[in-house]
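Remarks on the structure that follows.
The values are calculated or read from the model by the stated rules, or taken from the named source; none is laboratory data. This structure is a prediction, so every number in the text was calculated from the model and none was measured. Here the Cβ positions follow ideal geometry from the backbone for every residue, glycine too, while neighbour counts run over all protein chains shown.
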């Protein structure tokens, strides 16, 4: 059974949204979960990205296989051990969870999924329950204010960093949650530099879907990780950056 964690500063109940009309039953709420009113500045559901995913949650699993390539390879780059504690930032509906859980021991390994969207997390919760995964936690939180109170052996951003407006802060918060010796992998859309006239078309289409491909992601990651390894795929369709925290320093 999945376990709900709460970021004490940013918290929201999971809820079934009426736009999801595929006939599935609502997700059960956690027993005895207290309701809490948040100040307007903390209402996660008010952001443009969350409004976007309120609908997208319903169709995400049936459409993203066409565009989110290389996710299994990204998880492989984390070099998980059977007892690893892993964190996925921007976990969405949990599409990548199976790649983790086929490597983690169900008793000793642990996977935590964080997302900004309650609607996406409701889908992830359903996936966890249906699959019988007992070592998965789901957290609704803003990646730029992440404060889970513990560190992880492995952290993954998979097609999520490019959707975070304050993405550099999200990298810093992820680094703060990484154990010395731990690995952070960013796997995301590239700049389509090798796509000729199709490159601007792809970048524009992604921007309309809240994805910004031309920010200096690798410059930031190179400042944080002295040992960053980067690979690109299919003319810049996506990139995978792998960094390892060598010490207990503060990063860049």
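Applying the selection to the stretch 77-92, what residues are touching a helix residue (DSSP H, G or I) at 6+ places or on another chain (Cβ under 9 Å) and either at pLDDT 95 or above or farther than 24 Å from residue 147 by Cβ (or both)?
Hits for the stretch 77-92 are 78, 80, 84, 86, 87, 88, 89, 90, 91.
Only strands (runs of 3 or more DSSP E) whose full extent lies in the stretch 152-252 are considered here, and the ones with at least 2 residues that are crowded, with 19+ Cβ neighbours inside 10 Å, in contact with a helix residue (DSSP H, G or I) (Cβ under 6 Å, 6 or more places away or on another chain) and in contact (Cβ under 8 Å) with a residue 12 or more places away in the chain are 152-158, 178-189, 238-244. Scan the stretch 117-132 for residues that are touching a strand residue (DSSP E or B) at 6+ places or on another chain (Cβ under 8 Å) and farther than 19 Å from residue 68 by Cα and report the count. Of the residues in that region, 3 qualify.
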